[in-house]
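Quick notes on the structure that follows.
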Amino acid sequence: MVSSNDFKNGMSIKYDGHIYTILEFMHVKPGKGGAFVRTKLRDLRTGTVIDYTFNAAEKVERATIDKVKMQYLYDSGTALVFMDNDTYEQVELDKASLEYQMKFLVEGMSVEIVYCEGEVLGVNLADKVALKITKCDPAVRGDTKTNALKDAICETGLLVKVPMFIEEGETIIVSTDTGKYASRA
């Protein structure tokens with residue numbers, strides 16, 4: 001158990017049947033009435049962010065989060081298969097829960113699988129990933145006066161806006177947070 005007075009950013013807690021990570025917290029002591037702690041929490045199962053207010057010194061259960069480095073193997077049709085590099089144990093995760101992450105996963109890529117007491121909560125990707133461009137429109141001459149961008153489709157099916165000088169077959173770096181082009185690989 002942890003007191004709401006001892007909250008820290010990044011701490012994981014169990015509250016009301018959910019597992020949350022504390023994104024922000026603020027202790028508030030109004031002139032009238034008791035103190036309280038205003039928090040911004042991310043639900044680790046759904047990814048939704050909520051605002052919640054705890055009473056001062058309210059006790060909540062601390063969640064034990066484990067992160068295991070795994071390698072993405074393949075798409076089995078209904079699930080994505082990952083393998084622990086140490087034990088060679090394979091884990092299948094439902095495609096519906098990893099819809100956003102699938103846009104950045106390439107076979108053989110290393111990722112972190114997040115667990116809480118044996119329950120798989122999700123996948124943590126690197127901040128930036130290298131993806132190969134499979135289809136790209138040619139650059140149009142005279143279109144380079146401003147910061148012109150064109151559409152490119154990566155090997156995972158992700159559509160990215162890239163600068164005119166990027167060609168089909170090149171490898172680019174894409175931010176997993178925004179899904180935008182960052183640089184050439």
Original post:
Residue check: is GLU99 modelled with pLDDT under 85 and closer than 23 Å to HIS18 by Cα?
Top reply: yes
Original post:
When you go through (1) in contact (Cβ under 8 Å) with a residue 12 or more places away in the chain; (2) of a type in the set (Asp, Glu); (3) loosely packed, with under 12 Cβ neighbours inside 10 Å one by one for ASP66, which number turns out not to apply?
Top reply: (3)
**OP:** Among the residues of the range 32-44, count how many are among the small types (Gly, Ala, Ser) and surrounded by 11 or more Cβ atoms within 10 Å (Cβ to Cβ).
**Re:** 1
**OP:** Tell me, please, whether a residue that is under 30 Å from VAL91 (Cα atoms), in contact (Cβ under 8 Å) with a residue 40 or more places away in the chain and loosely packed, with under 12 Cβ neighbours inside 10 Å can be found in the range 14-31.
**Re:** no
**OP:** Report those strands (runs of 3 or more DSSP E) wholly inside the range 31-101 carrying at least 1 residues which are touching a strand residue (DSSP E or B) at 6+ places or on another chain (Cβ under 7 Å) and under 16 Å from GLU119 (Cα atoms).
**Re:** 36-43, 59-62, 65-75, 79-84, 90-94
Original post:
Looking at the range 93-127, which of its residues are in contact with a Gly (Cβ under 9 Å, 6 or more places away or on another chain), free of Cβ contacts under 8 Å to residues at least 24 places away in the same chain and not hydroxyl-bearing (Ser, Thr, Tyr)?
Top reply: LYS95
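The values are calculated or read from the model by the stated rules, or taken from the named source; none is laboratory data. It should be emphasised that the depicted structure is a prediction, and the values quoted were computed from it without experimental measurement. With ideal geometry, Cβ positions are generated from the backbone for all residues, glycine too; neighbour counts draw on all protein chains shown.
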